[in-house]
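Report on the structure given below.
The values are calculated or read from the model by the stated rules, or taken from the named source; none is laboratory data. Predicted, not measured: the structure shown is a model, and the values here were computed from it. Using ideal geometry, Cβ is built from the backbone for each residue, glycine included, and neighbour counts are taken over all protein chains shown. Keep in mind that these areas ignore ligands, DNA and RNA; they rest on the heavy atoms of the full protein, side chains included. Shrake-Rupley method; radii C 1.70, N 1.55, O 1.52, S 1.80 Å.
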Amino acid sequence: MDNTLERLKHLVADKLDMNLKIDDIDPDAPLLEEGLKLDSLAIVELITLSEESFGIEFGEDQLNMNAFANLRSLAAVIASSRSQARSAGTS
Amino acid sequence: MGHSPFATALEGITAAASTSASFVTDGAFTCTYTEIPGFIEQIVQLLDEGGTGQPSCPIVECPNTLAGALLCLALMKNGTSFVLIPPAQGGTDLKPAPNFCDYRLVVSQNAPTRDAFAPRAYLRKELNPGYNGRPVDRGRLYLRTSGSMGVSKIVAHTHDRLIGNARNVARKYGFSAQSRAAIPVPVAHMYGFGAEFLPAILTGASIDLQERTNLLKYLDREKRFQPTIVFATPAVCEMLKAGYKTPRTQYEVFVTSGQRITEELFRAFDPFVGGRLINQYGSTEMGAISACDPSDNIELRATTIGRPLDGVNLRLDPLASAEPEQKGTQLYCRHPYGFEGYIDENGEWIEQASPAGWYRTGDTAVRQTDGSIVVTGRADASVNRRGYLVLLSDIERVMEQLDAISTVVVVAGKEDKQGPRIAAFCVPRPGDSVDGAQLRARCFELLPHYAIPDEIHVTPSLPLLPTGKIDRQQLVALIAYR
């Protein structure tokens, strides 16, 4: 989980075109207006980047404000998607 | 105070809607059509306070909230002229008010609670220090054009013709009291206001106003509101294409406009909205001009703007310019509900238009054998960069002010996510030596951020056509193969 969060922070700093530095990224800051200020385009990009880099696909029920409240909540959703994918793969 | 045509229309609607379950919402607050007249009356009272009885013209910063929508309805019902602009984003900086506005109305972004839905709780009235005291006509709506380079003109519409335009759109798309219209685009622009909000109000449709939408917000609101009609932009289509995992079936019509949608995106997104995607052609000056019908086949919908709305005429004239990259014929429009003209910041006419006159759209187009129109580009070389329409000639004019440059030619290059890249080719003055990076740094001081060339090439000379004109095509080819 913490590992997922670290990877996610790097993803935002390195891949997302938002000029955010890794040290400035607060995992508990809101992703939208008041926090990391991701705009509408960046949210879509973050979804696509996360899916590609973690090898998952979000369900539409996961694309909501709670899951995308901040990077910590997003990391939790990604981690659970990955473990579900793994257990589905081994069964 | 005379009875405005909008007041009459609104009375009919609220009476008819009293038996329906139609409502207007912004997600936080909802009101029914039967409640609208009461809310409007409260706003009118507040606006009258401290008034001189003289016709006045406020500038209204209107977010996509119920409070903002009710304010616009109150002004229209009163026959009050007003300037409509979207709220300033992020900061607290106020957008400049034209000098003919006596005061400014700012709608609070924080939704008031239902108990405290008194206009005083969400509406702030401020005097405009630059007011010039010039009397204004009654029953007008003023909208700022997007203006390529900050030289914005103000477009004047009469409330009467706005209503005509709205009824036209409502007929075209079959708006009714059963319709559910989602508005994710700014209600303070012609597209959101004239082409969706007013048609929805005038037919008693349910309305969902979305302020600064994003994928997550849209999916949430869509689930709760179940819209049947939405007016969106290509950016919204792109966003939803990335987020939709399953196709939607509830849409009767899904309209995109604002800027041209690529055929590729159109074809990819159309199945997600049940094959009901429509590309509407319109402008701040003319409102809705032309569109396909949802029942038209995909070929027609993906490539054309269909047929003009009732009463609208389109004419194609050969281009006067001999520029090689501008093909086709120029599109002119005669519109029964078009604008009244342009005014300047002081309220003086710049140019008056008449419904009988032909309006130059600035777009090039061709007519197909079935009568449908295909828009092929801009007559004035321009690009849509970062969501802004930028005339390349405007950038040239500004860059020519740079001391070290004798000639500058700006062309549109390869597309990236923000639209076509802007490339400038500069010939330095004899004896001057500059490099592209220096020039680009200077551009940051002279041009708005969206118009700063993405690449600047310094070259001793420019390729010429046999006619002696600059060979722009060759410059485009130069950057394309780089």
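Give me the dipole magnitude in Debye, nearest 20, for the protein assembly as shown about the Cα centre, with unit charges on the beta carbon: positive for Lys and Arg, negative for Asp and Glu. Intermediate values should be presented prior to the final figure.
Numbers: 56 positive and 68 negative charges, 170 e Å.
Value, rounded to 20: 820 debye.
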**Item:** Solvent-accessible area buried by pairing B with A, both sides, nearest 100 square angstrom, 1.4 angstrom probe
**Value:** 1300
**Message:** Distance between the C-alpha centers of the range B:160-190 and the range B:426-476? Whole Å please.
**Reply:** 44
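Suppose accessible area is computed on protein heavy atoms with a 1.4 Å probe; arrange A:Lys21, B:Lys153, B:Lys217 from highest to lowest.
On the way: A:Lys21 145, B:Lys153 75, B:Lys217 50 Å².
So the residues, ranked largest to smallest area, are A:Lys21, B:Lys153, B:Lys217.
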**Prompt:** What whole number of Å gives the distance from the Cα centroid of the range B:374-397 to the Cα centroid of the range B:51-80?
**Reply:** 33
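Just want to confirm a number: the relative contact order over chain B, from Cα pairs under 8 angstrom separated by 6+ residues, in percent. Write out the running numbers ahead of the final one.
Working: 997 pairs, mean separation 51.3, N = 482.
Worked out over chain B, it gives 11 percent.
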**Prompt:** By DSSP, what percent of the beta bridges with both residues in chain B are antiparallel, rounded to the nearest 5?
**Reply:** 65
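Give, as a single signed number, the net charge of other residues whose beta carbon lies under 13 Å from the beta carbon of A:Gly35, with Lys and Arg counted +1 and Asp and Glu -1. Mind showing how you got there, number by number?
Numbers: positive: A:Lys37, A:Arg72; negative: A:Asp24, A:Asp26, A:Asp28, A:Glu33, A:Glu34, A:Asp39.
Net charge around A:Gly35: -4.
Which of rounded, prolate or oblate describes the range B:1-64 when judged by the alpha-carbon gyration tensor and an a/c cut-off of 1.5? Spell out each step's value before the answer.
On the way: a/c = 2.42, a/b = 1.46, b/c = 1.66.
Note, shape of the range B:1-64 comes out oblate.
Averaged across the residues of A:57-64, what count of C-beta atoms belonging to other chains lies within 10 Å of each residue's C-beta?
4
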**Message:** Over the range A:38-78, with the other protein chains present, what is the accessible area per residue in square angstrom, probe 1.4 angstrom?
**Reply:** 39
**Request:** Please give the average number of partner chain Cβ atoms lying within 10 Å of the Cβ of each residue in B:212-220, rounded to a whole number.
**Result:** 6
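Semi-axes of chain A's equivalent ellipsoid from the Cα gyration tensor, sqrt of 5 times each eigenvalue, largest first, rounded to whole Å?
Numbers: eigenvalues 98, 36, 28 Å².
Semi-axes (√(5λ), whole Å): 22, 13, 12.
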**Message:** Taking the Cα centre as origin and putting +1 on Lys and Arg beta-carbons and -1 on Asp and Glu beta-carbons, what dipole magnitude results for the range A:2-90, to the nearest 20 debye?
**Reply:** 340
**Message:** Counting only other residues whose beta carbon sits under 13 Å from that of A:Ala88, what net charge do I get with K and R as +1, D and E as -1?
**Reply:** +1
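DSSP beta bridges in the range B:205-311, what fraction antiparallel, as a percent rounded to 5? Don't skip to the answer; put the middle values down first.
Values: 5 of 12 bridges.
Of all bridge pairs located within the range B:205-311, approximately 40 percent are antiparallel.
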**Cα-derived Rg over Rh, computed across the range B:223-359 with Rh taken as Kirkwood radius** = 1.05
**Request:** Let me have the relative contact order for chain A, percent, based on Cα pairs under 8 Å that are six or more residues apart.
**Result:** 33
**Prompt:** Cα to Cα, under 30 Å, and not fewer than 8 places away if on the same chain: which lysines meet these conditions relative to B:Lys241?
**Reply:** A:Lys9, A:Lys15, A:Lys21, A:Lys37, B:Lys172, B:Lys217, B:Lys223, B:Lys414, B:Lys417
**Fill in**
Within the range B:150-193, the residues whose backbone N lies under 16 Å from a label point placed 7 Å from the Cα of B:His449 along the Cα-to-Cβ direction are B:150
**Message:** Can you give the log10 of the normalised intensity I(q)/I(0) at q = 0.05, 0.07, 0.11 Å⁻¹, computed with Debye over equal Cα scatterers of the protein assembly as shown?
**Reply:** -0.24, -0.47, -1.17
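Averaged over its residues, how many other protein chain Cβ atoms are within 10 Å of peptide B:230-243's Cβ atoms? Write out the running numbers ahead of the final one.
On the way: counts 0, 0, 0, 0, 0, 3, 1, 0, 3, 5, 1, 1, 7, 7.
That works out to 2 on average.
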**Fill in**
The aspartates and glutamates whose Cα lies under 17 Å from the Cα of B:Lys245, excluding any fewer than 8 residues away in the same chain, are A:Glu45, A:Glu51, A:Glu52, A:Glu57, A:Glu60, A:Asp61, B:Asp220, B:Glu222, B:Asp270
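Around B:Leu447, with a cut-off of 13 angstrom between Cβ atoms, what is the net charge of the other residues, counting Lys and Arg +1 and Asp and Glu -1?
Values: positive: B:Arg385, B:Arg386, B:Arg397, B:Arg440, B:Arg442; negative: B:Asp394, B:Glu396, B:Glu400, B:Glu445, B:Asp454.
Spelling it out: positives minus negatives among the neighbours equals 0.
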**Complete:** Any lysines whose Cα falls less than 16 Å from that of B:Lys125, other than same-chain ones fewer than 8 residues away, would be B:Lys95
**Fill in**
note: the range B:5-378, Cα-Cα separations exceeding 35 Å make up a percent value of 23
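Quick check: at a probe of 1.4 Å, how many percent of the accessible area of chain B sits on carbon and sulfur atoms? Mind dumping the intermediate values first?
Values: 10480 of 20460 Å².
The nonpolar share, carbon plus sulfur, comes to 51 percent.
Divide by every residue of chain B the summed helix terms, -39500 (n - 2.57) for each DSSP H run of at least 4, and state the resulting mean residue ellipticity at 222 nm, rounded to the nearest 500 deg cm²/dmol. Let's see the in-between values first.
Details: 13 runs with 125 residues, N = 482.
After summing the helix terms and dividing by the residues of chain B, the value is -7500 deg cm²/dmol.
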**Request:** Restricting to the protein assembly as shown, compute how many DSSP beta bridges are antiparallel as a %, nearest 5.
**Result:** 65
**Item:** Calculated diffusion of the range B:184-294, Stokes-Einstein form, Kirkwood radius summed over Cα pairs, 37 °C and 0.692 mPa s, µm²/s
**Value:** 232
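Please get the size of the charge dipole for the range B:382-480, origin at its Cα centre, with Cβ charges of +1 on Lys and Arg and -1 on Asp and Glu, quoted in debye to the nearest 20. It would help to have the intermediate numbers written out before the result.
Details: 11 positive and 12 negative charges, 49 e Å.
My answer is approximately 240 debye.
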**Request:** Could you order B:Thr329, B:Thr256, B:Thr262 so the one with the most accessible surface comes first? Probe is 1.4 Å.
**Result:** B:Thr262, B:Thr329, B:Thr256
**Asked** What residue among B:Ser382, B:Val410, B:Leu475 has its Cα farthest toward the positive end of the dipole of the range B:382-480, where the charges are +1 on Lys, Arg and -1 on Asp, Glu, each on the Cβ?
**Response** B:Ser382
**Item:** Derived scalar couplings ³J(HN,Hα) [the range B:178-189; Karplus, 6.51 cos²θ - 1.76 cosθ + 1.60; whole Hz; x for Gly, Pro]
**Value:** 8, 5, 10, 9, 8, 10, x, 9, x, 6, 8, 10
**Item:** Of A:Leu38, A:Leu74, A:Gln84, farthest towards positive along the dipole that unit charges on Lys, Arg, Asp, Glu beta carbons give the range A:2-90
**Value:** A:Gln84
**Request:** Divide, for the range B:382-480, the radius of gyration over alpha carbons by 2.2 N^0.38 Å, where N is the residue count.
**Result:** 1.02
